[in-house]
Every structure is written in structure tokens, then in C-alpha cells.
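As C-alpha cells, the structure follows; a few thoughts come after it.
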Amino acid sequence: MSPATLIQHLADSLVDRPSAVEVRELDGSPSKIIELRVDAADLGKVIGRRGHTARALRAILAATCLRAGRRFVLNIADE
């Protein structure tokens with residue numbers, strides 16, 4: 001499973017409107033960036049209280065990418 005697919009699956013299960021979830025993989029230097037966009041009403045569910053959910057998503061992403069020897073950064077867009 002690719003890192004972008006993993007984030008898509010996790011975000012879909014967290015939000016009320018999974019059809020509004022968008023995940024894009026962008027080239028960055030030195031790591032790739034995974035941009036996550038959700039509906040404005042679901043933004044709090046993805047970030048979580050004091051950022052706990054966002055931190056957990058980033059930790060899962062880091063652990064997954066560590067095995068593959070790649071580095072990804074999760075960016076949660078708030079627009």
C-alpha cells in the first residue's frame with residue numbers, strides 16, 4: 001500500500017464526508033509531501049484535540065515509510 005493510499009484510507013474512516021477527502025503526493029526536497037484536504041467541517045476530526053490525531057497520522061506515515069527507506073511529510077491543508 002502506498003503512503004498516499006494509506007493516508008486516504010485513514011482519513012476516510014475519520015471524517016463524516018469521505019467523498020470530500022483529497023490526497024495528493026507532491027515532490028519536495030529532500031522528502032515527498034503528502035497533502036491532505038478534507039471538508040472544513042471535518043478538519044477538527046483530522047487534527048484532533050491539541051493535534052493528537054494529526055500527530056498519530058504522521059507517526060503511522062513515518063513508520064510505514066521507514067520500512068521502505070523513503071521519507072514523507074504530511075501536510076494537512078486548512079483551505
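Among the residues of the stretch 61-70, is any closer than 16 Å to Ser2 by Cβ, at pLDDT below 95 and either in contact with a Gly (Cβ under 8 Å, 6 or more places away or on another chain) or not in a helix (DSSP H, G or I) (or both)? Checked against the condition, which is being closer than 16 Å to Ser2 by Cβ, at pLDDT below 95 and either in contact with a Gly (Cβ under 8 Å, 6 or more places away or on another chain) or not in a helix (DSSP H, G or I) (or both), the stretch 61-70 yields at least one hit.
When the criteria are applied in full, Arg70 fails the requirement of being closer than 13 Å to Leu10 by Cα, out of contact with any Ser or Thr (no Cβ under 7 Å at 6 or more places or on another chain), touching a residue at least 12 places away in the same chain (Cβ under 8 Å) and surrounded by 11 or more Cβ atoms within 10 Å (Cβ to Cβ). Of everything in the stretch 27-39 that is more than 9 Å from the chain's Cα centre (by Cα) and within 19 Å of Met1 (Cβ to Cβ), the residue that is surrounded by the most Cβ atoms within 10 Å (Cβ to Cβ) is Lys32.
Results for (1) basic (Lys, Arg); (2) more than 13 Å from Asn75 (Cα to Cα), shown as yes or no for each residue.
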site: Met1; (1), (2): no, yes
site: Ala4; (1), (2): no, no
site: Asp12; (1), (2): no, yes
site: Asp16; (1), (2): no, yes
site: Pro30; (1), (2): no, yes
site: Glu35; (1), (2): no, no
site: Gly48; (1), (2): no, yes
site: Arg58; (1), (2): yes, no
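Looking only at residues of the stretch 10-56 that are hydrophobic (A, V, I, L, M, F, W, C) and in a strand (DSSP E or B), we find that the one that is nearest to Arg71 (Cα to Cα) is Ile33.
The rows are residues; the columns are (1) surrounded by 15 or more Cβ atoms within 10 Å (Cβ to Cβ); (2) of a type outside the set (A, V, I, L, M, F, W, C); (3) touching a helix residue (DSSP H, G or I) at 6+ places or on another chain (Cβ under 8 Å).
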site	(1), (2), (3)
Leu6	yes, no, yes
His9	no, yes, no
Asp16	no, yes, yes
Val21	yes, no, yes
Ala41	no, no, no
Gly48	no, yes, yes
Ala54	yes, no, yes
Ala63	no, no, no
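Among the residues of the stretch 1-9, not a single one is more than 23 Å from Arg71 (Cα to Cα), over 13 Å from the mean Cα position of the chain (by Cα) and not basic (Lys, Arg).
Pairs linking a residue in the stretch 13-37 that is of a type in the set (Gly, Ala, Ser) to a residue that is outside any strand (DSSP E or B), with Cβ atoms under 8 Å and 6 or more positions apart or on different chains, are Ala20/Val38; Ala20/Asp39; Ala20/Asp42; Ser31/Arg70; Ser31/Arg71.
The values are calculated or read from the model by the stated rules, or taken from the named source; none is laboratory data. If you're wondering where the values come from, they're calculated on a predicted model, not measured in any experiment. Every residue, glycine among them, receives a Cβ derived from its backbone with ideal geometry; neighbour counts consider all protein chains shown.
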